[in-house]
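K.L.:
The structure is given below, and queries will be raised subsequently.
The values are calculated or read from the model by the stated rules, or taken from the named source; none is laboratory data. Remember, it's a predicted structure, so these values are computed and weren't measured experimentally. Cβ coordinates were reconstructed from backbone atoms using ideal geometry, including for glycine residues, and neighbour counts include every protein chain displayed. Quick note on the areas: whole protein, heavy atoms, side chains included, nothing else; ligands and nucleic acids left out. Shrake-Rupley method; radii C 1.70, N 1.55, O 1.52, S 1.80 Å.
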Amino acid sequence: SIDGRRVSVAAGTSVMRAAAQIETAIPKLCATDSVSAFGSCRLCLVEIEGRAGYPASCTTPVLEGMAVRTQTDKLKKLRRGVMELYISDHPLDCLTCAANGDCELQDQAGAVGLREVRYGYDGASHLNCEKDASNPYFDFDPAKCIVCSRCVRACDEVQGTLALTVSSRGFASKIAASQDEDFLASECVSCGSCVQACPTNA
């Protein structure tokens, strides 16, 4: 059951997909139908009766008798906190951004009810990262990247090129082409799978 509504799905179906079948929307950024589930954005957290913690609904398979809650006060608070962290390291140029009105980050910030960010912009950030304009077909703006890995997975699973990776760890994590080369010098074939997969305007 999901939020008290019974649903029957095939074994191996994720909680997120089961919820979608009964038109229950769970906030998400790294999940998309075009690539396999990854569970990195932490927006799709749910509560499962009898289970500790808050598992990602995109990577958690349903089980017989499972009782899932997707809209509790605790989940709403956790999701707003996660989204605040994304927005605190993202340019606030929505009104002049080419993706304004067609940006999943913007949409999900609204979906989780984010109205303000408590953290300020004085600390370390990626806002001054240099844009890679080496490829004539697209630019890559790391300041707008949330490192959700959708582009990396699209390059791997959709195109099969393996031209992208996540370089470094933690706060230093970044999307990189090949061995930290620019896009034009990498194995990138300019297919556009990464551009299509990106939930922001990176």
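K.L.:
Would you report the distance distribution of C-alpha pairs in the range 36-100 as whole percents per 5 angstrom bin, up to the bin with the largest distance?
P.N.:
The distribution over the range 36-100 is 3, 15, 20, 19, 16, 11, 7, 4, 3, 1, given as percents.
K.L.:
How many nm separate the modelled label positions at Lys77 and Asp122, each set 7 Å beyond the Cα in the direction of the Cβ?
P.N.:
Rounded to a tenth, the inter-label distance reads 2.6 nm.
K.L.:
Treat every Asp and Glu Cβ in the chain as -1 and every Lys and Arg Cβ as +1, leave all other atoms uncharged, and give the resulting dipole magnitude about the Cα centre to the nearest 20 debye. Don't skip to the answer; put the middle values down first.
P.N.:
Numbers: 20 positive and 25 negative charges, 203 e Å.
Once rounded to the nearest 20, the dipole reads 980 debye.
K.L.:
Just the number please: accessible area per residue for the range 57-122, 1.4 Å probe, all protein chains included, in Å². Present the calculation step by step, with values, prior to reporting the outcome.
P.N.:
Details: 4000 Å² over 66 residues.
Value returned for the range 57-122: 61 Å² of accessible area per residue.
K.L.:
About the Cα centre, and with charges only on the beta carbon of Lys, Arg (+1) and Asp, Glu (-1), how big is the dipole of the range 1-108? Nearest 20 debye, please.
P.N.:
Around 440 debye, computed over the range 1-108.
K.L.:
For the chain, just list the percent of Cα-Cα distances falling in each 10 Å bin from zero outward, please.
P.N.:
8, 32, 33, 20, 6, 0
K.L.:
Which FRET efficiency value, to the nearest 0.05, is calculated for Asp93 and Arg6 with the Förster distance at 41 angstrom and r the Cβ-Cβ distance? Let's see the in-between values first.
P.N.:
Details: r = 45 Å, r/R0 = 1.09.
Once the sixth-power term is evaluated, E becomes 0.35.
K.L.:
If you roll a 1.4 angstrom probe over the protein chains with everything in place, what fraction of the accessible area of the range 17-110 belongs to carbon and sulfur, to the nearest %?
P.N.:
Numbers: 2500 of 4880 Å².
Ligands and nucleic acids excluded, carbon and sulfur reach 51 percent.
K.L.:
Along each of its three principal axes, how wide is the spread of alpha-carbon positions in the range 107-162, in whole angstrom units, largest first?
P.N.:
40, 27, 18
K.L.:
Something else now. Which longest run of the chain has no exposed loop site in it, a site being trypsin sites (Lys or Arg not before Pro) in a DSSP loop with at most 16 other beta carbons within 10 Å, and the site itself not part of the run?
P.N.:
Working: sites that count: Arg6, Arg51, Arg115, Arg118, Lys131, Arg169.
The longest uninterrupted stretch comes out as 52-114.
K.L.:
Ignoring everything except DSSP H segments at least 4 long, calculate the 222 nm mean residue ellipticity for the chain; use -39,500 (n - 2.57) per segment, divide by total residues, nearest 500.
P.N.:
Values: 5 runs with 41 residues, N = 202.
Result for the chain: -5500 deg cm²/dmol, rounded to the nearest 500.
K.L.:
Continuing with the same structure: Please compute the modelled spin-label separation between Val195 and Asn135, points set 7 Å along Cα→Cβ, answer in nm with one decimal.
P.N.:
0.8
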